[in-house]
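**Q** Sharing a structure below in structure tokens format, with a few things to ask.
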Amino acid sequence: MSNASPEEAIQEPNWEWLAFNAALNTLSAATGQTVGQFGASAPARELVARVVDETIAVAQTQSVNLSAAS
């Protein structure tokens with residue numbers, strides 16, 4: 001008997017990981033700022049939020065339901 005989960009169960013965590021990495025790691029590499037510096041800057045937080053929102057929108061086109069609160 002297998003303890004494997006359906007493939008769909010992995011989609012949400014994968015997209016959450018992608019949203020985190022796209023928003024923080026990519027922007028950090030591009031700007032040279034740390035995640036902490038993003039947190040201290042309102043414009044940087046807004047940019048991070050926009051990247052997360054865009055990633056969520058793309059996930060939803062693939063029938064993966066995410067929200068920014070995930």
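**Q** Rounded to the nearest 20 Debye, what is the dipole magnitude of the chain about its Cα centre when Lys and Arg each give +1 and Asp and Glu each give -1 at the C-beta? List each step's numbers first, then the result.
**A** Values: 2 positive and 7 negative charges, 57 e Å.
Once rounded to the nearest 20, the dipole reads 280 debye.
**Q** Just from its helices, what would the mean residue ellipticity at 222 nm be for the chain, if runs of 4 or more DSSP H residues each count -39500 (n - 2.57) and the sum is divided by every residue, rounded to the nearest 500 deg cm²/dmol?
**A** Per the formula, -19000 deg cm²/dmol.
**Q** Hey, what did the chain get for relative contact order, percent, Cα under 8 Å, at least 6 apart?
**A** For the chain, the relative contact order is 37 percent.
**Q** Let me ask something else. Using all alpha carbons of the chain, what is the percent of pairwise distances in each 5 Å bin, ordered from the shortest bin to the longest?
**A** For the chain, the binned pair fractions read 3, 17, 24, 19, 13, 10, 6, 4, 2, 1, 0 percent.
**Q** Continuing with the same structure: Picking from N25, S63, N3, whose Cα lies most toward the positive end of the charge dipole for the chain (charges on Cβ: Lys, Arg +1; Asp, Glu -1)?
**A** Positive-most Cα among the choices belongs to N25.
**Q** Report, in degrees rounded to the nearest 10, the 0 to 90 angle that the Cα long axis of helix 8-20 makes with the longest principal axis of the chain.
**A** Approximately 10 degrees, to the nearest ten.
Any read-out appearing in this document is the output of simple, stated calculations on the displayed coordinates, not a laboratory observation. No experiment lies behind these values; they were computed from the predicted model shown. Because the Cβ atoms are built from the backbone with ideal geometry, glycine has one as well, and the counts that use them run over all protein chains shown.
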